[in-house]
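Have a look at the structure below, then the notes.
The values are calculated or read from the model by the stated rules, or taken from the named source; none is laboratory data. Just so you know, these numbers come straight off a predicted model, no measurement behind them. We place every Cβ from the backbone using ideal geometry, glycine too, and count neighbours over all the protein chains shown. Each accessible area value is taken on the protein alone, full model and side chains, heavy atoms only, with ligands, DNA and RNA left out. Shrake-Rupley method; radii C 1.70, N 1.55, O 1.52, S 1.80 Å.
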Amino acid sequence: MRIRSVSAEVRSLAKLGSAARGYAALDAPTFVLCRVEGEDGLVGQGVTGRFLATQVADLIAGGMAEALVGQDASRIEAIGPALAARFNPRGAGTVFTAALSALDMALWDLRARALGEPLWRLLGGARETVPCYATVGLPGYDEAELVAVCKQSVDAGYLGVKMLVAAGGRSVAEDAARVRAVRAAIGPAARLIIDANCGMNLGDAKRLALMVEECDIAWFEEPLRDNDIEALVALRRAVRVPIGAGQMMHGLVWFREALTRGALDWVQPNAAFCGGITGLMRVLALAEAHGLPVAHAGGWDIANAAALAGHGVGGWLEMHGAQASLRAMLAEDMVAEGGVMRLPERPGIGFAFR
């Protein structure tokens, strides 16, 4: 099937209200929606996140569209390198990889729709369901509210909950107290994840990890600024709490270096940022080769579920409370029930925007 057109637009979500209290930057969040239309009228859709959204959309709808119209939409492995040679010859990254992520995702969605198959099955069909954890422990909640939302998610059947640290102006000691309160509330069986969103220096990250060691933390997510691999290695050697990272890292090289050097216990890719479905499948293969578990992060559960169900290594899917209003914009959706995401039988990636 030849490509008839490629388009992209920046979309805004409604205000998220109490679900994202403390996230001022998400009061009017944006994302990029990419559409690839085939010559037979079928449309594939892909997404990427809010960072440099206007520049990403301009690249997709401008230079990328010009390069792709008339090309064979099924040659996904050829399209990525050709676009990289033209628009990112020195691997500089961010805008190009975000644009490629949305485009690649749309191409896979189009391919699955053209073949009349759900994407998760085309990618290998390893499982029909993906286990989920809930990211609900946002910094705007006081301790009582934090405990309540975390317990509610565990009671609903999620594997566990994620809470943010290094946010809201709190000290390391205050964060540690909140972590202990959540662990006490959700009990010993549920997984508890803490996430610093790259917000700590090495010293503070060590202090916090040591202070909450008895809380049986599943992993400490993106503790250090810039996801500095050297510092992550040092932190992992110094503490017993497992380390996870990678949700918004662009390209395969960072993941290769992090895994080769022993920086991570959990690998955390996201198709919306790491090169689309093609990029995500490669990171999953890297994780499998290193014997490491995978836990998607960074939002966009609907964009990652098919790959986690399709690939043999699998992984956990993050359900982020701050994306609740996204679902009002969808014509096709996937919703976790009882802490599990069941992949649909309909053709395509599994979601579609109106």
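At a glance:
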read-out	value
Gyration tensor (alpha-carbon) shape descriptor, the stretch 69-142, a/c threshold 1.5	oblate
Relative contact order for the stretch 251-311, counting Cα pairs under 8 Å that sit 6 or more residues apart, in percent	39
Top positive-direction residue, dipole computed over the stretch 57-129 with Cβ charges, set Gly124, Thr97, Gly80	Gly124
Positive minus negative residues near Gly62 (Lys, Arg vs Asp, Glu; Cβ under 14 Å)	-2
At most 13 other Cβ within 10 Å, DSSP loop - trypsin sites (Lys or Arg not before Pro), the stretch 207-245	Arg240
Total charge dipole magnitude, the stretch 236-339, about the Cα centre, Cβ charges on Lys, Arg, Asp, Glu only, Debye to nearest 20	540
Rounded percent of accessible protein surface that carbon and sulfur make up, the stretch 158-227, 1.4 Å probe	50
With every protein chain in place, the stretch 307-346: carbon and sulfur % of accessible area (1.4 Å)	53
Built amide H within the under 5 Å cut-off of Thr135, gap 5+	Lys162, Met319, His320, Gly321
Listed candidates [x] 58, 39, 37; [y] 130, 46, 33; [z] 66, 38, 36 - label of the one calculated as Cα extents along the principal axes in Å	[x]
Accessible area of the chain divided out per residue, in Å², using a probe of 1.4 angstrom	39
Under 15 Å, Cβ to Cβ, from Val36 - net charge with Lys/Arg +1 and Asp/Glu -1	-2
Rounded if a/c under 1.5, otherwise prolate or oblate - the stretch 229-335, Cα gyration tensor axes	prolate
Antiparallel DSSP beta bridges within the chain, as percent of all bridges there, nearest 5	50
